[in-house]
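The values are calculated or read from the model by the stated rules, or taken from the named source; none is laboratory data. Everything numeric here is computed off the predicted structure, so don't read it as measured data. Glycine gets a Cβ as well: all are built from the backbone with ideal geometry, and neighbour counts include every protein chain shown.
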Amino acid sequence: MSDNSKYHQHYDVIVIGGGHAGTEAALAAARMGSQTLLLTHNMETLGQMSCNPAIGGIGKGHLVKEIDALGGAMATAADHAGIQFRTLNSSKGPAVRATRAQADRQLYRAAIRSILENQPNLSLFQQACDDLIVEQDRVVGVVTQMGLKFSATTVVLTVGTFLGGVIHIGLDNYQGGRAGDPPANALSKRLRELPLRVDRLKTGTPPRIDAKTIDFSALQEQPGDQPTPIFSFMGKQSDHPQQISCYITHTSEKTHKIIRSGLDRSPMYSGVIEGVGPRYCPSIEDKVMRFADKNSHQIFVEPEGLTTQEVYPNGISTSLPFDVQVELVRSIKGFENAHITRPGYAIEYDYFDPRDLKQTLETKYIQGLFFAGQINGTTGYEEAGAQGLVAGANAALQVQGKEGWAPRRDQAYMGVLIDDLSTLGTKEPYRMFTSRAEYRLLLREDNADMRLTEQGRELGLVDDARWARFNEKIEGIAQEQQRLRSTWIYPHHAAAEAVNTLVKTPIAREVNVEELLRRPEVTYDALMSVPELGPGLTDQQAAEQIEIQTKYAGYIVRQQDEIAKQLRHENTRLPLNFDYKSIKGLSNEVIAKLNEHQPETVGKAARISGITPAAISMLLVHLKKQG
Ligand code: FAD
């Protein structure tokens, strides 16, 4: 018998779970110089995509770029694993444009594992974590399944859908963290003993199909964009592997009839599943019931990789019984002879009320314990990665004895995400949308580095190479802006003749190039093609900034003014564990809400629904009296 007590190791930061949150948390802490341990069930599943093999999309792509701007791994891994890239909303304004990459699942895992294995200050260890060691409201270590104890200054928990996970296929169910993986039951039981609010959520995934059994000639082909978009600010086109197409098909009336006939054996519709599912990523049975007037739903047929025949039919997530799944799949155009390689399923799991977290993602009541990812009620790799990075950075800051850090709502989608969660909580799996951000013109994908890289450098998250590249870019932008401002065009000059072919109204007086670029019909590239004005910047990222910053300058300044006004009381702190009954004049409803939410700051209090401006004034008066 081995004596595990002899093996004792201390780490500054221990991260539990090697999914998307855990990866970014461990890398962030290690980049900041903390001796970090990533403890995970299975080294082979580091960076595993539990569901759709794709990174990015609207709102989510913004998070990926922000993670990248702070030195994280997700964008780089997506660049090395992406097999079909697109810019969504490319014809719309820059605020809502978003990058999406279909990924080769194996290449993505390999890229993440390589980044993790080569990160200084980071050790990996394969074991389930069964217990946390908590002493006087402070976490001091963890215990693994085989009884090994690791002590730690801080612990970041990123265990995804694994806590008390139950997998459902029809009326059959069994325990699991996701298909093929064990649940984390011992840890779930232990966490339920802590003073944190816990509930159940559910999510689902579609059956996978063997490409050899699909009739692709019946489907509509969807190639990626050319040139292929690049995710990382440090990335380049040559990082991408071979590019291939996705396809589109649709469900039919027949499909919907099959689904309706199977509902009596659906775990969702027969009441077996109690957890709430993702509203914006519903199962096909949900879509058929909720949108009964629609006789067809779109399905994206997405390859799972370059070297596998498995295909992910995006849009038919289901937990119907397997016999119904086979029938419904085969009722879809092109899938008539389809062979299912893996059944679709739903999973129910524990999540913790994120209102019990500080903005740093540290739990309010157990010091040194941070939560990130699906455990906080979110869904999606990008949402998980973003939280992981913030939690890992704060775990490292606490080790250094420094103040915590979190981006504000006007600085990053990460800030919106964490503020929404920790202020308002969530009753359904939370996913990011651009509509959640009030300052979305400022929070664009293209300027994520301008918003965050400097802060990342200060925190120790950004390495020398990224910092040098960033500085080169902003210097290039500043110099070029200065050049455009001081380059004048006069009506009868040769340059004016060329420019007049680009503009709606010919030049009638002297103008500088910056002013010309403000005209909606004019692009930077077109102006730079005029011999007297060009060739301009060769750095595409910098050129894009020049164009966006010039064209949207008026709107951007207005949003910045609004933010400055809002910020006055944003960071004024409120006490925790406080009974708001003691403040005179607050209504019972306001008292109940504030007591329930225990907001950390006045800014957060103002965002709770039902907290009126008058109530905020009373809080401010009270704080002033307290001195
Ligand atoms: P995970 O990626 O789940 O990683 C958790 C990690 O923790 C795993 O490596 C696990 O092995 C490890 N772990 C767990 N417990 C322990 C323990 N006790 N000790 C050690 N290690 C442990 N997202 C979408 O955006 N859209 C969808 O449609 C969608 N559908 C989904 C369907 C299914 C069936 C599942 C399972 C997930 C789905 N997701 C979907 C969610 C997406 O997979 C997650 O949001 C994302 O993976 C969360 O990342 P995470 O890092 O929090 O957790």
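Restricted to the stretch 12-49, and to residues that are more than 9 Å from the ligand (Cβ to nearest atom) and polar (S, T, N, Q), which residue is farthest from the chain's Cα centre (by Cα)? It comes out as Q35.
The condition (being modelled with pLDDT of 95 or more, closer than 18 Å to M528 by Cα and either buried (at least 17 other Cβ atoms within 10 Å of the Cβ) or more than 38 Å from the chain's Cα centre (by Cα) (or both)) is satisfied by just one residue among L502, L517: L517.
Residues checked against (1) part of a loop (DSSP other than H, G, I, E, B); (2) under 26 Å from the mean Cα position of the chain (by Cα); (3) at pLDDT 95 or above:
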site	(1), (2), (3)
G271	yes, no, no
P278	yes, yes, no
K287	no, yes, no
V324	no, no, yes
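Applying a threshold of 6 Å to beta carbon distances and a minimum spacing of six or more residues, or different chains, the list of pairs starting in the stretch 431-448 at a residue that is closer than 16 Å to T99 by Cα and among the hydrophobic types (A, V, I, L, M, F, W, C) and ending at one that is assigned to a loop (DSSP other than H, G, I, E, B) and away from the ligand (no atom under 16 Å from the Cβ) reads L443/A437.
Just checking, does the stretch 61-80 include any residue being near the ligand (Cβ under 9 Å from one of its atoms), modelled with pLDDT of 95 or more and not in a strand (DSSP E or B)?
There is no residue in the stretch 61-80 that is near the ligand (Cβ under 9 Å from one of its atoms), modelled with pLDDT of 95 or more and not in a strand (DSSP E or B).
Are there helices (runs of 4 or more DSSP H) fully within the stretch 522-612 with at least 2 residues that are out of contact with any strand residue (DSSP E or B) (no Cβ under 7 Å at 6 or more places or on another chain) and of a type in the set (S, T, N, Q)? List them. Step through it out loud before you land on a result.
Values: elements: 524-528, 540-551, 553-570, 588-597, 602-606.
Where helices (runs of 4 or more DSSP H) fall fully within the stretch 522-612 and carry at least 2 residues being out of contact with any strand residue (DSSP E or B) (no Cβ under 7 Å at 6 or more places or on another chain) and of a type in the set (S, T, N, Q), they are 540-551, 553-570, 588-597.
Exactly one residue out of Q455, Q482, Q400 is closer than 24 Å to L567 by Cβ, more than 15 Å from the chain's Cα centre (by Cα), more than 16 Å from the ligand (Cβ to nearest atom) and polar (S, T, N, Q): that is Q455. Which residues, taken from the stretch 333-358, are more than 13 Å from the ligand (Cβ to nearest atom) and surrounded by fewer than 24 Cβ atoms within 10 Å (Cβ to Cβ)? Of everything in the stretch 333-358, those that are more than 13 Å from the ligand (Cβ to nearest atom) and surrounded by fewer than 24 Cβ atoms within 10 Å (Cβ to Cβ) turn out to be K333, G334, E336, N337, A338, H339, I340, T341, D353, R355, D356, K358.
Among residues of the stretch 306-330 that are more than 23 Å from A218 (Cα to Cα), those with a Cβ under 9 angstrom from a residue that is buried (at least 17 other Cβ atoms within 10 Å of the Cβ) and aromatic (F, W, Y), sequence gap 6+ or separate chain, pair up as T318/Y345; S319/Y345.
Within the stretch 131-149, residues that are more than 19 Å from V399 (Cα to Cα) have Cβ atoms under 6 Å from residues that are modelled with pLDDT of 95 or more and of a type in the set (A, V, I, L, M, F, W, C) in these pairs: D131/V143; T144/C129; Q145/A128; K149/V143, counting only partners at least 6 apart in sequence or on another chain.
Quick grid of which residues meet (1) among the charged types (D, E, K, R); (2) more than 15 Å from E480 (Cα to Cα); (3) surrounded by 15 or more Cβ atoms within 10 Å (Cβ to Cβ):
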{"position": "G536", "(1), (2), (3)": "no, no, yes"}
{"position": "A543", "(1), (2), (3)": "no, no, yes"}
{"position": "Y555", "(1), (2), (3)": "no, yes, no"}
{"position": "Q566", "(1), (2), (3)": "no, yes, yes"}
{"position": "N571", "(1), (2), (3)": "no, yes, no"}
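Within the stretch 62-74, can one find any residue that is in contact (Cβ under 8 Å) with a residue 60 or more places away in the chain, closer than 18 Å to R444 by Cβ and either surrounded by fewer than 24 Cβ atoms within 10 Å (Cβ to Cβ) or acidic (D, E) (or both)? The answer is yes; a qualifying residue exists. Here is the figure for the stretch 370-402: residues that are in a strand (DSSP E or B) and touching an Asp or Glu at 6+ places or on another chain (Cβ under 7 Å) total 1. Restrict the check to the stretch 418-429 and report whether at least one residue is at pLDDT 95 or above, under 17 Å from R97 (Cα atoms) and within 16 Å of the chain's Cα centre (by Cα). Checked against the condition, which is being at pLDDT 95 or above, under 17 Å from R97 (Cα atoms) and within 16 Å of the chain's Cα centre (by Cα), the stretch 418-429 yields no hits at all. Against the condition modelled with pLDDT of 95 or more and either surrounded by fewer than 24 Cβ atoms within 10 Å (Cβ to Cβ) or within 8 Å of the ligand (Cβ to nearest atom) (or both), how does G377 come out, does it pass? Taking the combined requirement at face value, the residue satisfies it.
I want to confirm something. Restricting to the stretch 1-11 and keeping residues that are of a type outside the set (S, T, N, Q) and away from the ligand (no atom under 16 Å from the Cβ), which single residue is nearest to D68 (Cα to Cα)? So that I can check it myself, show each step before the final result.
Here is the first cut: in the stretch 1-11, the residues of a type outside the set (S, T, N, Q) are 1, 3, 6-8, 10-11.
Still in the list and also away from the ligand (no atom under 16 Å from the Cβ): 1, 3, 6-8, 10.
Numbers: M1: 46, D3: 43, K6: 40, Y7: 36, H8: 35, H10: 29 Å.
Per the stated criteria, the residue is H10.
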